[in-house]
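Novice: Encoded as structure tokens, here's the structure I'll be asking about.
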Amino acid sequence: MTLIKSISGIRGTIGGAPGEGLSPIDVVKFTYAYCEKMKERRPKPAGERYKIVVGKDARLSGDMVEQLVCGTAISCGVDVVKAGLASTPTTEMAVVFEEADGGIILTASHNPKQWNALKLLNEKGEFLNAAEGAAILECAESENFSFADVDNLGVVEERDFTDAHLDAVLELPTVDVEAVRKAGFKVVLDAVNSVGGIIMPRLLERMGVECICVNCDPTGQFAHNPEPLPSNLVELCEAVVSNNADFGVSVDPDVDRLALICEDGKPFGEEYTLVSIADYLLGRVYNEALQTGKSIEELAAPYQMTTASNLSSSRALRDVTEQYGGEYFAAAVGEVNVTTKMRECGAIIGGEGNGGVIYPALHYGRDAMVGVALFLTNLAYKKMKVSELRATYPEYVIAKNKIELSDSALIDKILDEVKTVYAAEDVNTIDGVKISFEARKEWVHLRRSNTEPIIRIYAEAATQEAADALAQQIIEIANNIIK
């Protein structure tokens, strides 16, 4: 059994003793702490009600965890709006729709079915920052609990926010439903038997796209490893080819990550989901400026011609951004870090290289639905095959490795040594150590795991061989220290 407590929430395998797995006691403790700290963060006059939204993916433990969370919240005097089976971005937006004080998403994202988690939101429908998360952890561990009396219990109501979410996506001026409808696309969807099987077909239907469903029954019995990586998407790749589809769509259980498959059955590359959408949005502003004579600043407003992603994401986003005269910014790993950087630089688009698209014109959260809508619009305008579109982008390959250590004290020694060895290169230390080799357009990023004595090593280059060789250089440095 495993239980991981972090500033972003609580995640673990279902069952086991309290503190060892995600037990009912742990769910109650953490929910109580969230409610109490929410009240401190948002003080209200006496008698004014607090309200949170609770949504869940389709995993098997969802109903059980939902009952615990909702029961604990109302015992704290907090009203609950149950969003039911809802994607993570749907729940995030529901917090805003309801003008709620926060939200809790019950999902372990891409983890297997034995996992579940409580992901915690603020009143903007965004993840809590590090300080807020740490305060909740401290409160939960104190076990100094005091619940509401019978006259001050919260109440529960149920509401489906799926169509409200889709309405917001389809009303965006950058989403051209009519152009997509005229293009007559056929798409194969793999929703890994979770909530993507509810919302994504509805989106595609409303855009006039023929949707062939694979693993779209939201039973929580994941048909394969739920992380949308190429090795887990063999069935989808085959279905795209056999159905003569224009492309394939894969989402993780809570539908905040988007991976695409080209019409020939080959992966588009999850790193390139964000790249392709940035290309569309930046190019749209750039080309309209050329055609109308208006300034880029005016057309991009209220945003800038800037993009942002985390340090472990592909350089391709930077290349595409600079192609349109824009500027790229890097953030520490973690969605809240990316959204913070996006606000700082006024990014028109941003996200993570794992297929997480964050479009601030809709909301500051990873959202596969807006990702698909924007991708379809771009494809309809460009009138090319998905494989042809992919070929227009810079080609990079990322090698992912890790070093397991018996002594966590060695982590800092290794990071310090890497900084010393590559001091003449571009060194970034906002999250571990990232070394950029600008002349070769290569980089390597080392960062410690939050839960294990492990250093993760991501290296990117133009070929797999070059990326592997770069990672091996770092591994050799680490091995010399370990010896």
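The values are calculated or read from the model by the stated rules, or taken from the named source; none is laboratory data. These numbers come from a predicted model, not from an experiment. All Cβ positions, glycine included, derive from the backbone under ideal geometry; neighbour counts span all protein chains shown.
Novice: Are any of the residues in the range 239-250 out of contact with any strand residue (DSSP E or B) (no Cβ under 8 Å at 6 or more places or on another chain) and either free of Cβ contacts under 8 Å to residues at least 60 places away in the same chain or acidic (Asp, Glu) (or both)?
Specialist: Yes, the range 239-250 has at least one match.
Novice: Residues of the range 355-381 being crowded, with 24+ Cβ neighbours inside 10 Å and in contact with a Pro (Cβ under 9 Å, 6 or more places away or on another chain), which ones?
Specialist: Gly355, Gly365, Arg366, Asp367, Ala368, Met369, Val370
Novice: Taking the conditions exactly as written (surrounded by fewer than 20 Cβ atoms within 10 Å (Cβ to Cβ) and in the same structural domain as Gly125 (by TED's automatic domain parsing)), does Asp217 satisfy them or not?
Specialist: It is false that Asp217 is surrounded by fewer than 20 Cβ atoms within 10 Å (Cβ to Cβ) and in the same structural domain as Gly125 (by TED's automatic domain parsing).
Novice: For the range 424-454: of the residues being over 14 Å from Asp412 (Cα atoms) and of a type in the set (S, T, N, Q), which is surrounded by the fewest Cβ atoms within 10 Å (Cβ to Cβ)?
Specialist: Thr451
Novice: How do the pairs read when you match residues in the range 424-435 that are on the phi > 0 side of the Ramachandran plot with residues anywhere that are part of a strand (DSSP E or B), using Cβ under 7 Å and keeping only pairs 6 or more apart or on different chains?
Specialist: Gly432/His445; Gly432/Leu446; Gly432/Arg447; Gly432/Arg448
Novice: Within the range 255-269, count every residue that is surrounded by fewer than 24 Cβ atoms within 10 Å (Cβ to Cβ) and at negative phi.
Specialist: 5
Novice: Can you give me the ranges of the strands (runs of 3 or more DSSP E) entirely in the range 372-462 with at least 2 residues that are assigned by TED's automatic domain parsing to the domain that holds Val187 and of a type in the set (Phe, Trp, Tyr)?
Specialist: No strands (runs of 3 or more DSSP E) qualify here.
Novice: Can you tell me which residue is surrounded by the most Cβ atoms within 10 Å (Cβ to Cβ) among those in the range 276-318 that are without any contact (Cβ under 8 Å) to a residue 40 or more places away in the chain and among the basic types (Lys, Arg)?
Specialist: It comes out as Arg318.
Novice: Another question, then. Is it true that some residue in the range 139-160 is in contact (Cβ under 8 Å) with a residue 12 or more places away in the chain, outside any strand (DSSP E or B) and closer than 30 Å to Phe222 by Cα?
Specialist: yes
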